[in-house]
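First the structure, in the form of structure tokens, and then the observations on it.
The values are calculated or read from the model by the stated rules, or taken from the named source; none is laboratory data. Keep in mind the model is a prediction, meaning the values are calculated, not measured. With ideal geometry, Cβ positions are generated from the backbone for all residues, glycine too; neighbour counts draw on all protein chains shown. Calculation scope for accessible area: heavy atoms of the full protein, side chains included, ligands and nucleic acids excluded. Shrake-Rupley method; radii C 1.70, N 1.55, O 1.52, S 1.80 Å.
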Amino acid sequence: MIRVGIIGVGTVGSHVVKILQENEDIITARSGKKIIPIIGVVKDTTKKRDVNLPLSSDVNDVLDNPEVDVVVELMGGVDEAYKIVTRALKNKKAVVTANKALLAYHRYELRDLAGDTPIGYEASVAGGIPIIKALREGLSANHIEAIKGIMNGTCNFILTKMMNEKAEFADVLREAQALGYAEADPTFDVGGFDAAHKLLILASIAYGIDVKPEEILIEGIEHINSEDIYFAKEFGYNIKLLTIAKKSGDQVELRVHPALVPITQMIAKVDGVMNGISVIGDRVGETMYYGPGAGGSATASAVVSDLIDIARHTQNSPMLGFIKPLEKSGLTLMNRDNICTQYYIRVTVEDKIGVLSKISEILGKHSISISSFLQKQDVKKEERAVLLFSTHTCKESDIQKALQELSQLEFVELKPAMIRIEA
Ligand SMILES: NC(=O)C1=CN([C@@H]2O[C@H](COP(=O)(O)OP(=O)(O)OC[C@H]3O[C@@H](n4cnc5c(N)ncnc54)[C@H](OP(=O)(O)O)[C@@H]3O)[C@@H](O)[C@H]2O)C=CC1
Ligand SMILES: N[C@@H](CC=O)C(=O)O
Ligand code: NA
């Protein structure tokens, strides 16, 4: 028998208890052992909840409890969760966590501390999709050439509703929170940080990259507006928050940002809370993974799969997937200035003669060639026009310099905006 203590019995934790209790037959058959939740820890024990488990507000009731074999950390946050997981490992208790923020900052320390003590983290990336297993086990014979995906359910839910139903950003975010998709602080979702945390976890399995979120390019979806959606629709794109790892020679680019994706691509059709991830291996070619990226039940399904793994292989750490840091494999993190892709640019200007030629001149000066162009009257101000461009492939540093120069022009009324195009 495996006895489980759950720290955090909220959206995900309560579903972990339900799955363990309601699917006990199949779980026991598959793992060869009974997996029993014996205690949960919450902040407020007086809160009414639909869960059949003794609760405490003291983490020591799990961490120092000799009856607990596995600690499931589902409270979120970085510092406190780090202390809890560290103590559990020091007490030789196996750990399962869904906490991508924790792993984004401390994955290598925890790996080293764990040694042979298992740590499962399947739920930390793309919720219910078994992407960690796929990368760590199914694709382990491959050099990974690229990982590209939608890995934040909240952002995809918001963008889908903005694209298809003209819904307002703030209203859909509230809906995502009510459905249990968003992080406790939803700026982690909409600012791209949550997706970046997930990217770093996958990058450690694929490439052995030991970098922190602050070192990579992260942009969120907060600035996407109706003009961007109009341009995307006119030119056959969907707007998605993309999470990208790409190997070029001995460099790896890591980035999270909104992107215009041609609607013909599979990833553009991944809607709502669903996540979709393409992984390209040098031997297998392209593989695709699709499923619910957030929500209590789907995420708890991944947490329980780790518990079953631990029950099956107590001598075999599920976390061994984090390979040696990048420097030792000769790979380096690509400087963001050297990223090359296509871009969409939005410039809001005073509607007068000469504006377009000046903008074209600046783009040309920075080796940026225009691929398509649209002009819209600004609905908020009659004498204002919104100019929407897409470019051929060019360098990130050139785009950044051009945007900076455009923002200085006296007829440019709002800070120019840019969205990358991933064709
Ligand atoms: N929701 C989702 O779709 C997904 C979430 N995750 C990750 O799973 C983890 C949990 O998320 P979720 O279930 O949504 O979060 P919730 O906010 O719903 O639940 C958090 C739980 O932790 C408890 N808690 C928080 N702080 C403390 C503390 N200091 N001491 C004791 N208990 C504490 C809360 O207690 P109380 O109930 O009393 O407030 C609550 O039960 C996070 O790391 C999140 O990133 C990962 C994938 C998907
Ligand atoms: N807030 C996250 C939850 C799952 O990781 C998301 O929306 O994807
Ligand atoms: Na997963």
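Couplings 3J(HN,Hα) of the range 277-283, computed from phi: 9, 9, 10, 10, x, 5, 9 Hz, in residue order, whole Hz [Karplus 6.51 cos²θ - 1.76 cosθ + 1.60, θ = phi - 60°; x for Gly and Pro]. Counting only residues at least eight positions apart within a chain, or on another chain, the aspartates and glutamates with an alpha carbon under 13 Å from that of K365 are D398, E405.
The gain in end-to-end length when the E168 to K380 segment is fully stretched comes to 74.7 nm, 0.36 nm per residue minus the alpha carbon separation. For the range 336-421, the solvent-accessible area works out to 50 Å² per residue, with a probe of 1.4 Å and every protein chain left in place.
For T332, the residues whose amide H sits under 5 Å from its own are Q251, V252, ignoring neighbours fewer than 5 places away on the same chain, with H placed 1.01 Å from N. A viscosity of 1.002 mPa s and a temperature of 20 °C, combined with the Kirkwood radius over C-alpha pairs in the Stokes-Einstein formula, give the chain a diffusion coefficient of 94 µm²/s.
Rolling a 1.4 Å probe over the protein heavy atoms gives the range 206-299 an accessible area of 38 Å² per residue.
For the pairs K233/K352; K83/K246; K100/K161; K269/K415; K166/K381; K34/K133, note any where the Cα-Cα span goes beyond 24 Å.
From K233/K352; K83/K246; K100/K161; K269/K415; K166/K381; K34/K133, over 24 Å: K233/K352; K83/K246; K100/K161; K269/K415.
Taking amide hydrogens as placed 1.01 Å from N in the peptide plane, the amide H of M151 sits under 5 Å from those of T243, each at least 5 positions away in sequence or on another chain.
The portion of the accessible surface of the chain made up by carbon and sulfur, rounded to a whole percent, is 50 (1.4 Å probe; DNA, RNA and ligands excluded). Backbone geometry of the range 376-389 corresponds, through the Karplus equation with coefficients 6.51, -1.76 and 1.60 at θ = phi - 60°, to 3J(HN,Hα) couplings of 10, 6, 6, 5, 8, 8, 4, 7, 10, 10, 10, 9, 10, 10 Hz, x marking Gly and Pro. Residues E122, E24, E168, sorted by accessible area with the largest first, give E168, E24, E122 [1.4 Å probe; ligands and nucleic acids excluded]. Near the amide H of E145, within less than 5 Å, lie the amide hydrogens of I280, G281, D282, all on another chain or at least 5 residues away, with H placed in the peptide plane.
Across the range 21-32, computed HN-Hα scalar couplings (Karplus, 6.51 cos²θ - 1.76 cosθ + 1.60, θ = phi - 60°) run 7, 7, 10, 4, 4, 6, 5, 5, 5, 7, 9, x Hz from first to last residue, x flagging Gly and Pro. Across all directions, the shadow cast by the convex hull of the range 336-421 built on its C-alpha atoms averages 5.1 square nanometres.
Ranking of D271, D250, D50 by solvent-accessible surface, largest first: D50, D250, D271 (1.4 Å probe, protein heavy atoms only, all chains present). Report the Cα centroid-to-centroid distance between the range 156-223 and the range 335-378 in angstrom, as an integer. So the separation of the two Cα centres works out to 27 Å.
Looking only at trypsin sites (Lys or Arg not before Pro) in DSSP loops with at most 15 other Cβ atoms within 10 Å, what is the longest site-free stretch of the chain? In short, 167-282. Each stretch of four or more DSSP H residues adds -39500 (n - 2.57); spread over every residue of the chain, this sum gives -10000 deg cm²/dmol at 222 nm. Of all aspartates and glutamates in the structure, the ones whose alpha carbon falls short of 17 Å from that of K33, not counting any fewer than 8 places away in one chain, are E22, E24, D25, E67, D69, D306, D309. Compare A195, A298, A385 in a GNM of the chain, Cα atoms joined below 10 Å, and give the one with the largest fluctuation. So, out of A195, A298, A385, the one fluctuating most is A385. For K48, the lysines whose Cα comes closer than 24 Å to its Cα, not counting residues fewer than 8 places off in the same chain, are K18. GNM remark for the chain: springs join alpha carbons under 10 Å apart, and the peak mean-square fluctuation among P258, P118, P54 falls on P54.
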